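Have a look at the structure below before the remarks.
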Ligand code: SF4
Ligand code: SF4
């Protein structure tokens, strides 16, 4: 009984102390939370050589290559980072951008153009 | 009230308005003042509670609507006004609509009984305390009606739980109030306030000799107001929202309003009984010192009201603190706690106070 009462007083004191602490709230649209260095966000591609490795390793079948269009399907992507890990020329990078919500379904198809490598290959 | 009455009649006589007009309108004005003050205080109170709960849990509380979130309550009220009023099929329509209104009335009447300053008590009866104690239990009636008329199992259980709770906690309250009545030898709230003004200042107020009663009163009022940790009638993990499950829009707003109104009224009541009501904690009023002449004499009444409000907000702060700290009790523990611990304690307290009055009577007379 006495012990319970002591614990109750202790909890009251603890709660009261929190009154003077700085709030941990992050006001989101104005301030954004910092993410880690290895955070895997929206994928980015530049300098693809069309080897097709990423298509094979992607567990979600989210990558498509059509001629010179490199397409990430963000509806399928699970941000595992396999594509960027296995790419032989490190063409794919996972950026820190995590604000991917959108009102338009077409925005979820990420389209990157493949440039510059065709001529070298013909040689 | 008499002093104000004479001032008012004199003022009317100067402008050649018949006395009968003054007799009729005089009692309308304080009623309007109380009503407007109640609405304003509730608006502040809701924000106060949400801000404090935020700070207690290291959050910021509402801070988007208006500067520092001051308009949040207004925005909520506007949202509730715009919502649809739904009456469920099978509900008892008349009772269902009547319950929120019945709940709001005792709050208004109860506020009229409180002496806000030495001249401003709307209804100054000899037995103010008794009337208040009875009125404070009135919300349970409308909660039971709401629970019954909703035709919903959750509402019904909530209403019935509330009745059991009030039955258990009203007795300790009555005994504690009785001990204060014994100390002050009066049932009039103004007399009780005046009985606490003596040379001991803050220690002369009844919270000091009657510290057990003060604690009991705080606990039991929490239960009577259905606040954490005694908010079983609206325990959302078991009963959705308890008695107001089926209420929406304006009717829900009325429940909400009267809950906070009752919180305010009860905290006023406690501060009158135990914290010296409108008395200044410094022993004498500050306004005659700060402002000389007739202005200071009139400002005394506002200062008295200010002290009363400050004390009541201190008590509300304690209530919110408790809400931020303690989890909800189980239904059975709640009743056991009252019948096994609080009721004997309150009777012991009453005996102690009677003995104190008998032997040391002169000090606390
Ligand atoms: S991150 Fe994973 S799921 Fe997304 S495209 Fe790359 S391999 Fe596929
Ligand atoms: S992105 Fe990298 S792994 Fe994928 S096809 Fe291009 S070069 Fe190959």
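Considering the stretch A:32-98, the qualifying strands (runs of 3 or more DSSP E), each wholly inside and each with 2 or more residues that are near ligand 2 (Cβ under 9 Å from one of its atoms), run over A:63-66. Is it true that residue B:261 is in contact (Cβ under 8 Å) with a residue 40 or more places away in the chain, part of a loop (DSSP other than H, G, I, E, B) and in contact with a helix residue (DSSP H, G or I) (Cβ under 8 Å, 6 or more places away or on another chain)? The answer is no for residue B:261.
Within the stretch A:105-113, not a single residue is touching a helix residue (DSSP H, G or I) at 6+ places or on another chain (Cβ under 6 Å) and within 14 Å of ligand 2 (Cβ to nearest atom). Only one of the listed residues (B:70, B:41, B:95) is touching a helix residue (DSSP H, G or I) at 6+ places or on another chain (Cβ under 8 Å), more than 14 Å from chain A (Cβ to nearest Cβ), surrounded by fewer than 16 Cβ atoms within 10 Å (Cβ to Cβ) and at pLDDT 85 or above. That residue is B:95. For the stretch B:316-329, which positions are in a helix (DSSP H, G or I) and within 12 Å of another protein chain (Cβ to nearest Cβ)? B:317, B:318, B:320, B:321, B:322, B:323, B:324, B:325 - these are the residues of the stretch B:316-329 that are in a helix (DSSP H, G or I) and within 12 Å of another protein chain (Cβ to nearest Cβ).
Considering the stretch A:40-61, and only residues there that are touching a helix residue (DSSP H, G or I) at 6+ places or on another chain (Cβ under 9 Å) and more than 16 Å from residue A:93 (Cβ to Cβ), the residue that is farthest from ligand 1 (Cβ to nearest atom) turns out to be A:50.
All conditions in (1) at pLDDT 80 or above; (2) away from every other protein chain (no Cβ under 14 Å) hold for residue B:288, with the sole exception of (1). The condition (being out of contact with any helix residue (DSSP H, G or I) (no Cβ under 9 Å at 6 or more places or on another chain), more than 14 Å from chain A (Cβ to nearest Cβ) and assigned to a helix (DSSP H, G or I)) is satisfied by just one residue among B:313, B:309, B:332: B:332.
Restricting the stretch B:50-65 to residues that are over 16 Å from residue A:16 (Cβ atoms) and surrounded by 14 or more Cβ atoms within 10 Å (Cβ to Cβ), which is nearest to the other protein chains (Cβ to nearest Cβ)? Among them, the one singled out is B:60. Every listed requirement among (1) free of Cβ contacts under 8 Å to residues at least 40 places away in the same chain; (2) within 12 Å of ligand 1 (Cβ to nearest atom); (3) out of contact with any helix residue (DSSP H, G or I) (no Cβ under 8 Å at 6 or more places or on another chain) is met by residue A:82 save one, (3).
For the stretch A:16-27, the criterion of a residue being more than 14 Å from chain B (Cβ to nearest Cβ) and at pLDDT below 90 is satisfied by no position.
The values are calculated or read from the model by the stated rules, or taken from the named source; none is laboratory data. Predicted model, so just to flag it, every value in this text is computed and none were measured. For neighbour counting, all protein chains shown are included, and Cβ atoms are generated from backbone atoms with ideal geometry for every residue, glycine included.
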